[in-house]
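First the structure, in the form of structure tokens, and then the observations on it.
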Amino acid sequence: MYCVQRFYKKAAAFVLRAVAKHSPELAQSVVDCGALDALVICLEEFDPGVKEAAAWALGYIARHNAGKYVINALISLNTLLSVVTTNYRPLHQ
């Protein structure tokens, strides 16, 4: 069941990214429909494809005037540190 859900999550995040990237108005529409909470939750998924799709969608939303909502959603769900530490890879010497 998880395998199927991750494909749905990845596809949904991709669609939200495609909508949000075109204009500030469309990015605000994505925020207004309540998609931020779902996208932030997707950042905590095990599957890296789901995380990446959600991060791209949130990035496009943040590029427009709806960025303040992204920051508030990340802070309120306490995932900002999780995103930073998940993507951190120490350099090997």
Extension gain from GLU44 to TYR8, taking 0.36 nm per residue of separation minus the Cα-Cα distance | 11.4 nm
Give the order of ASP47, ASP32 when sorted by the count of other beta carbons within 10 angstrom, beginning with the fewest.
-> ASP32, ASP47
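We did not get these values from a lab; they are worked out from the coordinates using the rules stated. All values reported here derive from a predicted model rather than from experimental measurement. Using ideal geometry, Cβ is built from the backbone for each residue, glycine included, and neighbour counts are taken over all protein chains shown.
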